[in-house]
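K.L.:
This structure is in structure tokens; I'll ask about it shortly.
Quick note: the coordinates plus some simple rules give every number you see, no bench work behind them. On a predicted model such as this, the values are computed, not experimentally measured, just so you know. Neighbour counts run over all protein chains shown; Cβ positions are idealised from the backbone, glycine included.
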Amino acid sequence: MASRNQKENKLSFEQSMSRLEEISARLEHPETGLEETIALVEEGRKLVAACRKLLDDAELRIKTLEAVDAAPAQVNKNAEEDGFSLI
């Protein structure tokens, strides 16, 4: 059986955000006990960290794609500045 942490790592960003909303609602409920509150806060912190990692990874992928797209333009610009035509 997969541990709770393994399950959290397999959640999509959207699933993690949905679970965080559930946790937030549960924490606002006046009948939530101390032990449950602590467990929910721990789970929430792990989900926030996982979401941050997913966002950081997505940002890196986008920057990589932008760099790949910009590379041919930069090569053309450098060649033209050096007096060469690549066309």
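Let's see how each residue does on (1) exposed (fewer than 11 other Cβ atoms within 10 Å of the Cβ); (2) not in a helix (DSSP H, G or I):
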| position | (1), (2) |
| --- | --- |
| Arg26 | no, no |
| Glu31 | yes, yes |
| Glu35 | yes, no |
| Glu42 | no, no |
| Leu47 | no, no |
| Lys53 | no, no |
| Glu59 | yes, no |
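K.L.:
Moving on to the next point. So which residues in region 43-63 are charged (D, E, K, R) and touching a residue at least 24 places away in the same chain (Cβ under 8 Å)? Step through it out loud before you land on a result.
P.N.:
Looking only at region 43-63, we keep the residues that are charged (D, E, K, R), and these are 43, 45-46, 52-53, 56-57, 59, 61, 63.
Correct list: Glu43, Lys46.
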